[in-house]
Amino acid sequence: MRDQLHVCHDAESLAVHARNWLVRLMNQHLASSQRPFSLALAGGSTPKRMYQLLAELPAGEIDWRRVLLMWGDERNVPCDDAESNFRMVKENLLDHIAIPAENVLPVPNPGESAGAAADAYEKLLKQTLPTTGKRALPSIDCVLLGMGADVHTASLF
């Protein structure tokens, strides 16, 4: 993939462009590889519309059985909390697509000890994701990052 710059004039066109780009990336990977496509999701309000647009795709546009979803940005709150990024993704994407439950990798026990949740998530990702390199680090195909209204970005990765 080559470096690209694409300027969108409003949030809706950005969401559509990002959705189309991600669908192309996922489908290129799935067509050329036997392993699943691993995607670290962004949280907050920035990606919400893109998740809604992904959920609106016709059945079969993405083979969700071959996609692994994880969270690159999560708040340490229970999954049903209004501030939970897992909840936002569930309501806007997961509840509307045919993805196997085992392909969705949320942070274990959010809202409890942040250190324990981080350790458990590291273990889960190391067990689930393919590894690369001499150090056998988990490999993630795409990490989405959002940008807040105050121009911050946050990610566990």
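The values are calculated or read from the model by the stated rules, or taken from the named source; none is laboratory data. Everything quoted here is computed from the prediction, not taken from an experiment. Please note: Cβ atoms are built from the backbone with ideal geometry, for glycine as well, and neighbour counts cover all protein chains shown. The protein model used for the area step is the full one, side chains on, heavy atoms only, and it has no ligands, DNA or RNA in it. Shrake-Rupley method; radii C 1.70, N 1.55, O 1.52, S 1.80 Å.
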In region 1-31, residue most open to solvent (accessible area, probe 1.4 Å) [restricted to those that are among the charged types (D, E, K, R) and outside any helix (DSSP H, G or I)]: 2
Test: residue 90 is open to solvent by 30 Å² or more (accessible area, probe 1.4 Å) and modelled with pLDDT of 85 or more: yes
Condition met for residue 41 (modelled with pLDDT of 95 or more and touching a helix residue (DSSP H, G or I) at 6+ places or on another chain (Cβ under 9 Å)): yes
Check on residue 91, in contact (Cβ under 8 Å) with a residue 24 or more places away in the chain and acidic (Asp, Glu): no
Failed item in (1) part of a helix (DSSP H, G or I); (2) more than 20 Å from residue 129 (Cα to Cα); (3) open to solvent by less than 40 Å² (accessible area, probe 1.4 Å), with residue 43 passing the rest: (1)
Subset of region 63-78 [part of a loop (DSSP other than H, G, I, E, B) and open to solvent by less than 10 Å² (accessible area, probe 1.4 Å)]: 72
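Conditions (1) outside any loop (DSSP other than H, G, I, E, B); (2) polar (S, T, N, Q); (3) touching a helix residue (DSSP H, G or I) at 6+ places or on another chain (Cβ under 7 Å); (4) surrounded by 12 or more Cβ atoms within 10 Å (Cβ to Cβ), marked per residue:
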residue: 58; (1), (2), (3), (4): no, no, no, no
residue: 80; (1), (2), (3), (4): no, no, yes, no
residue: 86; (1), (2), (3), (4): yes, no, no, yes
residue: 146; (1), (2), (3), (4): no, no, no, yes
Options 85, 103, 27: the member that is under 16 Å from the mean Cα position of the chain (by Cα), of a type in the set (S, T, N, Q), under 25 Å from residue 138 (Cβ atoms) and at pLDDT below 95: 85
Residue match in region 106-119 (condition: without any contact (Cβ under 8 Å) to a residue 60 or more places away in the chain, assigned to a loop (DSSP other than H, G, I, E, B), open to solvent by 40 Å² or more (accessible area, probe 1.4 Å) and hydroxyl-bearing (Ser, Thr, Tyr)): yes
Residue 49 vs. criteria under 14 Å from the mean Cα position of the chain (by Cα), assigned to a helix (DSSP H, G or I) and free of Cβ contacts under 8 Å to residues at least 24 places away in the same chain: no
